[in-house]
Amino acid sequence: MRVNDLFLPLSRQVVQLQTNLQGLVDDMRRIAFHQGSTPEASTFSRMVRDLYPYLIQKKFTAIENLLARQKVADAELMTELKLMLSKARTTFDRLTQAKDRDVFEATYAELKNSLLSISKRVDDECQKITKATQEEGRENVITSLGLSLLVVLFGLAAVAVSSRVLRPLPALIQSLKKIRGGDFHQSLKVKNNDKDEVAVLAREYNRMLEALRERDEKIQKQQQELVQSERLAAVGQLSAQVVHEIRNPLNSMSLNVDWLSDQIGSGTSEVQDTLKSISREIDRLNQITESYLVRARVPSQEDQRAPVNEVLKEIIDFEREIEQEGIRIETELADQEIFVRTDRSKLKQAFINVLRNAREAMPRGGLIRISTEIRDNISRILFIDSGHGMSEKVLKETFRPFFTTKPNGTGLGLTLTKEIVEEANGKIDCLSQLGKGTTFVFQFPI
Ligand code: ADP
Ligand code: MG
């Protein structure tokens, strides 16, 4: 700006001034000092004396105005230039008044020098400014290079950060694809201390996956149960027919036993006892088949109460022959009779199922301990056997309908037992250790 506004016009004016001066000097030399005093010469000389100085004075004024107009911070330079200018101007005044050639030449030389030094001063200043500007330019280049480098670095950093932040996204998409195929096990890896949005998203996603997984498992389980209950219903229908078919032979057996009993009359009491036992068993069969297979048709009577100890003794009596298989039964029954709100034959069936399983669990003999007790208003009946026990997997399934590990098993024994127990508001639990034995615990409210 300073070069454009000040130094260039200044140097232009100075050059014009020099040119004008040169012209004046040439003409003066040619006309005023050489050609004597012809009338043309004197006219010329006057013109030269009047016109050139007028032009030159105008230039001086223009330069002075230029300097005066400038409000440059560099006041020192301005005063210096003004001083030089006013010196040149006085020299010029002297030049115009020079009467003889020598004085004229000397004054001209002085003026020329003055103007030259002004030009030089202006040129110097111009160069100084140009140099400074160049340097500034170089600095600017360096600065802009540095800035560009910084921008590139920032860009790289941004890419690195975003790729780190967005890293879980491909995994997320992959996992989403798997969900579509029904696989809910593809949870995303998130560090606990990650707090950014994507980590939060991933965590939420995992939670959603977990919920989906749970729901899926639940649906599958319900489906299984449905299938199971349908199977049970089918079995129920079939059983109803079976019950119908066996009821008549059972009735005739019962009648025949009664008839036998009558025929023997007061014969050996041992035979009578056996007959009674048979008829009791027939009754039980009658009841069991009905309640077992067509449960819905046999509602338990509310006021029924089955004596636990008595029923247990009866069973043990009846299953005496198992002693021949090397199985010992030990009992520890509560002094007081325990009553359970259920049908006597159902309770008997429940216990028999458990006892049979225990027996089947020890083909090479062993010990079965049966105990009863009342504590905290709850009656407990324990069947502890020293059989082969169950693996955890079997233990989990043991109450499931149709679950069996036996070649000829039905898988219904424990299902029925559980049903009977729950109908009486009780519960049944099973503890077992593979190779050590199994314990079934019945609990009933008093
Ligand atoms: P089933 O006797 O017809 O197999 P259950 O419902 O009575 O059906 O029993 C289911 C399964 O539970 C058995 O096949 C057996 O694997 C297991 N189980 C039941 N009781 C015992 C026991 N006392 N010792 C070892 N396993 C047992
Ligand atoms: Mg069984």
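Laid out as a table, the results:
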{"read-out": "Tilt relative to the chain, helix 168-180 - C-alpha long axis, 0 to 90 degrees, to 10", "value": "40"}
{"read-out": "Assigned charges on the beta-carbon of Lys, Arg, Asp, Glu; the chain dipole about Cα centre (debye)", "value": "3080"}
{"read-out": "Heavy atoms of Tyr108 accessible to a 1.4 Å probe, total area in Å² rounded to 10", "value": "10"}
{"read-out": "Residue-span extension gain [Lys276 to Leu150] - 0.36 nm each, minus C-alpha spacing", "value": "34.7 nm"}
{"read-out": "Amide H contacts under 5 Å for Leu188, placed H, 5+ residues apart", "value": "Asn206"}
{"read-out": "Residues in region 193-229 reached by a label modelled at Gln186 [backbone nitrogen below 20 Å; 7 Å Cα→Cβ]", "value": "198-217"}
{"read-out": "Loop trypsin sites (Lys or Arg not before Pro), region 379-446, which have at most 13 other Cβ atoms in a 10 Å radius of their Cβ (DSSP)", "value": "Lys436"}
{"read-out": "Degrees between helix 197-264 axis and first principal axis of the chain (Cα, 0 to 90, nearest 10)", "value": "10"}
{"read-out": "Paired Rg and Dmax values of region 406-446, which use every Cα atom, in angstrom", "value": "12.3, 39"}
{"read-out": "Residue-by-residue Karplus 3J(HN,Hα) for region 378-384, coefficients 6.51, -1.76, 1.60, Hz, glycine and proline x", "value": "10, 9, 10, 10, 10, 10, 10"}
{"read-out": "Percent carbon-and-sulfur accessible area, the chain, ignoring ligands, DNA and RNA, probe 1.4 Å", "value": "55"}
{"read-out": "Accessible area in square angstrom per residue, the chain, 1.4 angstrom probe", "value": "64"}
{"read-out": "Pairwise label distance in nanometres, Gln324 with Val165, each label 7 Å out on the Cα-Cβ vector", "value": "8.5"}
{"read-out": "Cα long-axis angle, helix 269-293 against the chain (0 to 90 degrees, to the nearest 10)", "value": "30"}
{"read-out": "Measure of compaction for the chain (Cα Rg per 2.2 N^0.38 Å)", "value": "2.83"}
{"read-out": "Gaussian network model of the chain, springs between alpha carbon atoms under 10 Å - residue of Leu260, Leu209, Leu416 with greatest fluctuation", "value": "Leu260"}
{"read-out": "Solution diffusion estimate, µm²/s, Stokes-Einstein, region 125-170, Kirkwood Rh from C-alpha pairs, 4 °C, viscosity 1.567 mPa s", "value": "98"}
{"read-out": "When region 345-406 is reduced to its Cα atoms, the Kirkwood hydrodynamic radius in Å", "value": "13.3"}
{"read-out": "Kirkwood-Stokes translational diffusion coefficient of region 82-164, alpha-carbon pairs, 37 °C, 0.692 mPa s, µm²/s", "value": "188"}
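The values are calculated or read from the model by the stated rules, or taken from the named source; none is laboratory data. This one's a predicted model, so the numbers in the text were calculated from it and none came from an experiment. All Cβ positions, glycine included, derive from the backbone under ideal geometry; neighbour counts span all protein chains shown. Keep in mind that these areas ignore ligands, DNA and RNA; they rest on the heavy atoms of the full protein, side chains included. Shrake-Rupley method; radii C 1.70, N 1.55, O 1.52, S 1.80 Å.
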